[in-house]
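Asks: Input: one structure, supplied below.
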Amino acid sequence: MNERKWWPVLALTLLVVASAFPFYWAILASFTPEARLFQGPSLVPGHLVLDHYRALFTQRNFWVPIRNSLIVAGSTTAFCVGVGSLCAYALARLQFRGKLALLGFILAVGMFPQISVVSPLYMLLRSLRLINTYPGLILPYFTFAMPLTVWLLVGFFRQLPAELEEAAMVDGASRLRAFAEVIVPLALPGLATTAILTFVYSWNEFLFALSFTLGPERQTVPVAIALFRGMYQVPWGQILAAAVVATAPVTLLVLAFQRRIVQGLTAGAVKG
Amino acid sequence: MEAQEARLAWGLVLPALLTILLIALFPLVWTFWESLHLHDLRMPWLGRPFIGLTNYVDAVRDPRFIGALGHTLFFAVASVSLELVIGLWLALALNRAFKGRGLVRAAVLVPWAIPTVVSALLWRFMFEGQTGIVNAGLVSAGIIHEPIVWFIQAATAWVPVILADVWKTTPFVALLLLAGLQNIDTSLYEAARIDGASAWRQFRYVTLPLLKPAILVALIFRTLDAFRVFDLVYALTGGGPGTSTEPIALYTFNALLQNLQFGYGSALSVIVFVVTFALAMVYVRFLGADLTGARR
């Protein structure tokens, strides 16, 4: 029995090291002077400087893409969780014809490739003069965020016992009051998890943000980082400093809510 | 009473449904309509004449499109098979280990949660230059004698692309499979052990068959993602050298927003959509069964 126990430990050690190493290396490099970056790598920190972070926020105005990302991801999340929770409640709890077809449809929309709607959305946003604006990003983001929130919330609402709202309705509350006063408070952890996941997906989105913005004043964080490369040289120190800054908020969110996020991610997908 | 409930249900569903119809389904139909036209924004004097399926015929004859299709297939098969094998191994290990689960979960979730563009750039940096960490490591370990210039030929440029994808998504595959493993009744293993089944036979005849649904879900999930790959390649190789690592979504993007060929680009979009939708239908059917089963 005992001689087989080494391999899970080995596998998990490898997993943790392999996951963490690129981060360690990027963080280390983001504090290393540019001239030393490609002068023979050393795994232990040597001469550390804050130059890249300083340049990021002074020369590059990196707070602009951060602000843009916060506005776009925040608005998308607020709208989708609000509207999506009503839809998800109906799908999880009420009986009506066409419900399964509707669920399947929403799931299918969530899976379709973003690239297949880039051309009409571009022309639509151009004719509405919404290219390079916040609404011009938030509206397209609904294409993936709305199915995601509905899908996750249906899963969370189903886990709540039906007796609770039935009891409230026997006491004379309407469906909607039962939803607002019984279900929503109970589903708060699920709503929070859904909001976090929607925010993370929106924060990370790249194709729409690249297609529907024109200049630095409306670019989101991933687009700004991807377009850092200059014509003649790649400012690796600044790119990696930006990567650390862009990664920090999602990393903190995900670490704080890791147990719930894993539940949310795997609940809908598995169970054969 | 029932009619009333149905009316309320549709009232609640409607805002979300209208949003989806307006911002997703309507554009999709428009893409298809656009793909039947010659529409080149660089040549506005040509107008927007209806040309039937000409764009699709052009696509089939376009070597860059056929190349992009091939790159996408290669990327999907290489990355997804690696992710499934490594993910299964990790899930089996996670299922056994009780200590350090929190640490492992963090290690699993963080690569998954960061922007794909960022992970692409982290890997580009590690493979960059004669003295990057990968070259330095391989040379000092004696595996290669001369540093490799990874990004000047397709064969080596694919290595960081596939590694970055495996690094970012294998943990997610492992999580899906772990959830599947935890649903397997442990008494089945006891019964198998009493019958004298070896560890390999337990894996082969108990674990694998019962894990099949979870494996299938992970497989379809990942294949769909791999077919849509864009961010990773855009930020890591830019499709280069030349167009030798350019996947279909990147070529479509270039046709649309670099070359402004909206008619032709839309035809490419429709092809991407049809391929992924065919895959997605399998998934929906699969999950659909689960949904009806889960109703109480």
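Asks: Angle between the Cα long axis of helix A:63-93 and the longest principal axis of chain A, 0 to 90 degrees, nearest 10?
Replies: The answer is roughly 20 degrees.
Asks: At 7 Å along the Cα-to-beta-carbon direction for both B:TRP33 and A:HIS47, put a label point, then send me their distance in nm to one decimal.
Replies: 6.3 nm
Asks: What are the radius of gyration and Dmax of the stretch A:180-251, computed over its Cα atoms and given in Å?
Replies: 17.1, 60
Asks: Can you figure out the FRET efficiency of A:ASP171 with B:VAL85, using R₀ = 60 Å and their beta-carbon distance, to the nearest 0.05?
Replies: FRET efficiency, A:ASP171 to B:VAL85: 0.60.
Asks: Picking from A:PRO33, A:SER119, A:ALA162, whose Cα lies most toward the positive end of the charge dipole for chain A (charges on Cβ: Lys, Arg +1; Asp, Glu -1)?
Replies: Of the listed residues, the answer is A:SER119.
Asks: Mind putting a number on the dipole of the stretch B:12-111 about its Cα centre? Charges go on the C-beta only, +1 for Lys and Arg and -1 for Asp and Glu, and I need it in Debye to the nearest 20. Mind showing how you got there, number by number?
Replies: Details: 8 positive and 5 negative charges, 117 e Å.
My answer is approximately 560 debye.
Asks: Cα atoms only: what Rg and Dmax, in Å, come out for the protein assembly as shown?
Replies: 24.7, 80
Asks: Using +1 on the beta carbon of Lys and Arg, -1 on that of Asp and Glu, and nothing else charged, what's the dipole of the protein assembly as shown about the Cα centre, debye to 20?
Replies: Values: 39 positive and 27 negative charges, 96 e Å.
Once rounded to the nearest 20, the dipole reads 460 debye.
Asks: Calculate, for B:GLU5 and A:TYR134, the FRET efficiency according to 1/(1 + (r/R0)^6) with r their C-beta to C-beta distance and R0 45 Å; round to the nearest 0.05.
Replies: Efficiency computed from Cβ-Cβ geometry: 0.75.
Asks: What Kirkwood hydrodynamic radius, in Å, does the stretch B:35-294 give when the mean of 1/r is taken over all pairs of distinct Cα atoms and then inverted?
Replies: 21.1 Å
Asks: Right, another one. How many nm is it between the label spots at A:GLN39 and A:GLN95, if each spot is 7 Å from the Cα in line with the beta carbon?
Replies: 7.7 nm
Asks: Need the list of aspartates and glutamates near A:LYS99 for cross-linking: C-alpha distance under 16 angstrom, and skip anything on the same chain fewer than eight residues off.
Replies: Partners within reach: B:GLU2, B:GLU5, B:ASP290.
Asks: Using 0.36 nm per residue of separation minus the Cα-Cα distance, give me the extension gain between A:LEU10 and A:LEU255 in nm, one decimal.
Replies: Once the chain is fully extended between A:LEU10 and A:LEU255, it gains 85.9 nm.
Asks: Restricting everything to alpha-carbon atoms, can you work out Rg to Rh for the stretch A:63-267 with a Kirkwood hydrodynamic radius?
Replies: Details: Rg = 19.5 Å, Rh = 18.7 Å.
Rounded to two decimals, Rg over Rh is 1.04.
Asks: Would you mind giving the mean number of other chain beta-carbons within 10 Å of the Cβ of each residue in A:90-103, as a whole number?
Replies: The shielding value for this peptide is 5.
Asks: Within 10 Å of each Cβ of B:174-183, how many other protein chain Cβ atoms are there on average?
Replies: Per residue, the average neighbour count from other chains is 4.
Asks: Where in the stretch A:245-264 does the label zone of B:LEU103 land, with the point 7 angstrom along Cα→C-beta and an amide N cut-off under 19 Å?
Replies: Taking a point 7 Å out along Cα→Cβ of B:LEU103, the residues of the stretch A:245-264 whose backbone N falls under 19 Å are A:255-256, A:258-259.
Asks: Arranged by the count of other C-beta atoms within 10 angstrom, fewest first, what order do B:ASP165, B:ASP231, A:ASP51 take?
Replies: Least to most surrounded, the residues fall as A:ASP51, B:ASP231, B:ASP165.
Asks: Give the relative contact order (percent, whole number) for chain A; include only Cα pairs under 8 Å separated by 6+ residues. Provide the component values of the computation, followed by the final result.
Replies: On the way: 251 pairs, mean separation 81.9, N = 272.
Across chain A, relative contact order equals 30 percent.
Asks: Average partner chain C-beta neighbours within 10 Å, per residue of B:84-91?
Replies: If you average over the peptide's residues, the count of other-chain Cβ atoms is 2.
Asks: Please sort by residue number the trypsin sites (Lys or Arg not before Pro) in the stretch B:54-101 whose DSSP state is loop and whose Cβ has at most 12 other Cβ atoms within 10 Å.
Replies: Qualifying residues, ordered by number: B:LYS99.
Asks: If I take the Cα coordinates of the stretch B:76-214 and project them onto the principal axes, what are the three extents in Å, biggest first?
Replies: 57, 31, 30
Asks: Considering only DSSP states other than H, G, I, E and B, which chymotrypsin sites (Phe, Trp or Tyr not before Pro) in the stretch B:50-152 qualify as loop sites with at most 12 other Cβ atoms within 10 Å?
Replies: The qualifying sites are B:PHE98.
Asks: Let me ask something additional. From the alpha carbon gyration tensor of the stretch A:2-49, can you work out the equivalent ellipsoid semi-axes (sqrt of 5 times each eigenvalue) and give them in Å, largest to smallest?
Replies: The equivalent ellipsoid of the stretch A:2-49 has semi-axes of 33, 9, 7 Å.
Asks: What is the stretch B:1-159 by shape, rounded, prolate or oblate, if you read a ≥ b ≥ c off the alpha carbon gyration tensor as root eigenvalues and call it rounded for a/c under 1.5, prolate for a/b larger than b/c, and oblate otherwise?
Replies: Oblate shape, in that a/c is at least 1.5 and b/c is the bigger or equal ratio.
Just so you know, all these numbers are worked out from the coordinates, no wet-lab data involved. Remember, predicted model here, so these are calculated numbers, not experimental data. Don't worry about glycine lacking a Cβ; one is built from the backbone with ideal geometry, like all the others, and counts go over all protein chains shown.
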